[in-house]
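Below: the structure, in structure tokens.
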Amino acid sequence: RVDWWVLVSRSRAIGMSQLMEGDGKGAAAFALDAPRIVDSFSEAVAAELSEAFAGVSAIALDAEGVDLSRHGRISIVQVSTPNCCVLVDVLGKEPDDPLVGWLRTLLENELVVKIIHDCRRDADALHHLLRIELANVHDTSCWHAVRTGQVYKNLNDVLQYNGLRTNQFRDNSVYNANPAFWAIRPLTEEMKKWASGDVQFMFGLYRSQLKGVSSAVAARAQREGASHLSWKSASVGFVTVRNVGLFVGRGGASLRQLQSSTSTMITSIHRPPPAGTPGCMFLVYHRSDEAFRRVRQAASR
């Protein structure tokens, strides 16, 4: 078995030890318009990754999966510098896999900012499935909410608000035909463009959100980001929703109100309900039995 720490240590000669002193410009083997897929680890891969991420002070980050959470599967972790994008294929990998070990070293580094949009489910999956603890997170959804008062906005909405290009390759309708879309292998061109597009414009968003911000607003946004990260430690339960339209409400209004009043996080999952039970399944992150009881009551209406 390849020892990931030995490989990373060897590769430091070409830049990993200088993690904070540059911006990854030495990434000759990688490019934003041609994301590199990495699905196994070797000494050569370690050297390439070390060169690509040498001296970075911030990376853009995202993850894709099937029902992305502790109860789902994590498929791809996208990590990007301003100059290159790597799609790390972790589908089916265990926490002690050497490629996961490389990811852990990068994502747990306190000196590197992780720019991510709504880290809650990503952090939950990384923590429970791969034993990776995200550190030093700039959650663009939290910063957007604090700066504008607009909550629960998706990445494209936030990019557009800031005058930035959006990811034109996102197509959530694919889940209707195949809920396990991100488990398809080999990765299709559509999947590659979608995954890389989610991180391609994050650095522009990062700069825009930091521009002219007060220390008070920045501190509040960071607190909200820490709260997002903390959901990985919450309890999780399943509920079967009989009337999805009523439960979610117009434009998600009822669901947002329920989450706010119960201090929970609720997300749909593509899992069949118990035999003989009509409805759709939702995953409920909660911090008290009473909160979960109230959500179950709302789901049964």
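Here are a few things to note about the model shown:
- Förster-model FRET efficiency, 22 Å R0, Tyr161 and Asn136, C-beta, rounded to 0.05: 0.35
- Evaluated at q = 0.08 Å⁻¹: base-10 log I(q)/I(0), Debye formula over Cα of the chain: -0.36
- Heavy-atom accessible area per residue - segment 247-301, 1.4 Å, Å²: 56 Å²
- Separation of the Ser254 and Asp39 label points, Cα + 7 Å toward Cβ, nm: 4.2 nm
- Relative to the dominant Cα principal axis of the chain, helix 189-200 is inclined by about 80°.
- Over the chain: helical MRE at 222 nm, DSSP H runs n ≥ 4 each giving -39500 (n - 2.57), nearest 500: -11500 deg cm²/dmol
- Fluctuation leader among Gly101, Gly249, Gly72 - the chain, Gaussian network, Cα springs under 10 angstrom: Gly249
- Comparing Ala58, Thr264, Ile115 along the charge dipole axis of the chain, the residue lying farthest to the positive side is Thr264, per the Cβ-charge model.
- Solvent-accessible area assigned to carbon and sulfur over segment 214-293 amounts to 53 percent, based on a 1.4 Å probe.
- Computed on segment 45-195, the Cα convex hull volume stands at 125 Å³ per residue.
- Mean Cβ count within 10 Å, highest first, over the residues of peptides 158-164, 84-90: 84-90, 158-164
- Pair Arg301, Gln150: separation of 7 Å Cα→Cβ label points (nm): 2.8 nm
- For segment 161-301, the Cβ-based charge dipole about the Cα centre amounts to some 240 debye (Lys, Arg positive; Asp, Glu negative; other atoms uncharged).
- Inter-probe distance in nm under a simple model that places probes 7 Å from Cα toward Cβ, at Arg242 and Glu108: 4.7 nm
- Solvent-free Debye calculation, one equal scatterer per alpha-carbon of segment 36-131: log10 I(q)/I(0) at 0.16, 0.19 Å⁻¹ equals -0.62, -0.89.
- Proximal lysines to Lys192, defined as alpha-carbon separation beneath 20 angstrom and excluding residues fewer than eight positions away on the same chain: Lys93
- The per residue volume of the convex hull around the alpha-carbon atoms of segment 169-280 is 174 Å³.
- Residue with peak Gaussian network fluctuation, the chain [Cα springs, cutoff 10 Å], from Ala226, Ala234, Ala58: Ala234
The values are calculated or read from the model by the stated rules, or taken from the named source; none is laboratory data. In this text, all values refer to a predicted model and were calculated from it rather than measured experimentally. Positions of Cβ are generated from backbone atoms using ideal geometry, with glycine treated the same way; all protein chains shown enter the neighbour counts. Just the protein is used for accessible areas: all its heavy atoms, side chains included, with ligands, DNA and RNA removed. Shrake-Rupley method; radii C 1.70, N 1.55, O 1.52, S 1.80 Å.
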